[in-house]
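The values are calculated or read from the model by the stated rules, or taken from the named source; none is laboratory data. None of these values were measured; they are calculated from a predicted model. Please note: Cβ atoms are built from the backbone with ideal geometry, for glycine as well, and neighbour counts cover all protein chains shown. Heads up: the accessible areas ignore ligands, DNA and RNA and are worked out on the full protein's heavy atoms, side chains in. Shrake-Rupley method; radii C 1.70, N 1.55, O 1.52, S 1.80 Å.
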Protein chains: 2
Amino acid sequence: MENVRELFQTMTRRFGLLNKNCCQIGGKEVSLVQSHILYEIFRNDKPSMQQVAETLGMDITTFSRQIQTLVKMELVVKTPLPEDRRVTQLSLTTQGNYVAAKIDADMNQYLDEVFSNMSEFEREMVIKSIKLLNEAMSKSTVCCKPLI
Amino acid sequence: MENVRELFQTMTRRFGLLNKNCCQIGGKEVSLVQSHILYEIFRNDKPSMQQVAETLGMDITTFSRQIQTLVKMELVVKTPLPEDRRVTQLSLTTQGNYVAAKIDADMNQYLDEVFSNMSEFEREMVIKSIKLLNEAMSKSTVCCKPLI
DNA sequence: CCTTTTATTTGTAATTTACAAGTGTTTGTT
DNA sequence: AACAAACACTTGTAAATTACAAATAAAAGG
C-alpha cells in the first residue's frame, strides 16, 4: 500500500494554502482563523462563543480575543442570550455576511475549477469519498471528536 | 448538488485538529507548523530552505526563524551546500528523525483507524479520490500552484 | 571588477496564542 | 433566601508566530 499519510498531508496543505490567500475582501483583511469563525457563524444560527470555539478546536480565551477583533471590524455582533445572560450569541453584520458569502463563493468557485478537471464519474466518487471520510473520522476515538 | 465546500471545510478542519494534538514526543513539544517542516525534511533529501518554505507556502523569513528554533531543539541541522554556499541544506538529527518518524507513525495509525471504519472497497475508493483531488488541485490556476 | 541577482538572516513591530486569574450569571443545596 | 459551586466569558500577562523592510553574504553576468 502506498503512503497514505503523504496523500493526506499534500491535500490538507493545499487547502490550507488556498484559505490563506482567499481572504481579502472589500477592504477587510481576514485571516484564515477568522474566515473559519465567520464560516461557522454563517452556517449556524446564532451560535454561542463556546459552541464555535469548540467546533474549531480553539482555546476559548484565544477565541474571545478573535471575536473582539471581528466585532471591531464590524463583521460580527455579540448579543447576550436573554434566557441565560452568561451566554453570548454570535451573528454576522450585513458586512460580515457579505464577507462570509464572498469567501464561500470564492471557495466554491475554486472547488468547481478543481472538479472541472475531472469526469462526472470521478467527481461523484470524490464527493462520496469525502463524505465517507468525514463520517469515518467522526467515529474515530484517537482524537478530535465529531465536533459537529 | 450538496454543499461541497462544507464537506471540505469539515474534512480539513478535522485534520488540522488532529495535527495540533499529535505533536508532543519524548520531551519535545512540536508545533503544527514545525511538524510540517520536519515532515518535508523527512521525505526530501537535504532540501534547501527555500524549497521547504515554498512547499509549505511560508514566508522565508518566518521559515528561517522556525528553522532556528528547530536547530536549537536539536531536531534539525543546517549545512551549507558546497557548490553554492548561499544555499543551506536541511537535514534531521537522529532525534529529529525519531520525532518525525513518531509523528508519521501516529498519523498513519490514526488513518488506519479511520479506514478501519470502512469496507475494503470504500477504502480504495477514498484513496483513489484523494489522489485524483491532489492531481486536480495541482492543475488549478486559481491559487496555490503545484508545490511539489 | 563591479553591478545584479539570489539565498538567507536580522530589526522591528504587529498579531496570535494560551495559561492563570478575574467578572458576572445561573444552578443547586440547605 | 443565602451561599457555594458551576458556568460562560473576559482580562493580565507573557511567550510564540508572523511578516515587512533592510542587511548580509555568496554567486552570476557583463
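Some observations on this one:
- Test: residue in the range A:43-50 that is farther than 24 Å from B:PHE8 by Cβ, in a loop (DSSP other than H, G, I, E, B), among the basic types (Lys, Arg) and in contact with a Leu (Cβ under 7 Å, 6 or more places away or on another chain): yes
- Filtering the range A:88-113 to residues that are surrounded by fewer than 16 Cβ atoms within 10 Å (Cβ to Cβ) and in contact with a strand residue (DSSP E or B) (Cβ under 8 Å, 6 or more places away or on another chain) leaves A:THR93, A:TYR98.
- Some residue of the range A:99-111 being more than 10 Å from DNA strand D (Cβ to nearest atom) and touching an Asp or Glu at 6+ places or on another chain (Cβ under 8 Å): no
- Those residues of the range A:70-121 which are within 15 Å of A:SER48 (Cα to Cα) and among the polar types (S, T, N, Q), in sequence order: A:THR79, A:THR88, A:GLN89, A:SER91
- Flag for A:ASN134 being surrounded by 14 or more Cβ atoms within 10 Å (Cβ to Cβ) and either closer than 24 Å to A:GLN24 by Cβ or over 19 Å from the mean Cα position of the chain (by Cα) (or both): no
- Selected residue (criterion: modelled with the highest pLDDT) from residues of the range B:59-107 that are more than 20 Å from B:ARG43 (Cβ to Cβ) and within 14 Å of chain A (Cβ to nearest Cβ): B:THR62
- Restricting the range A:23-81 to residues that are open to solvent by 60 Å² or more (accessible area, probe 1.4 Å) and in contact (Cβ under 8 Å) with a residue 60 or more places away in the chain leaves a set whose member that is farthest from A:LYS102 (Cα to Cα) is A:GLU54.
- Long-range neighbours under 8 Å by Cβ, at least six apart or interchain, first residue more than 8 Å from every other protein chain (Cβ to nearest Cβ) within the range B:108-126, second part of a helix (DSSP H, G or I) and not β-branched (Val, Ile, Thr): B:ARG123/B:PHE115
- Summed over the range B:66-118, the residues that are in a strand (DSSP E or B) and within 15 Å of DNA strand C (Cβ to nearest atom) give a count of 14.
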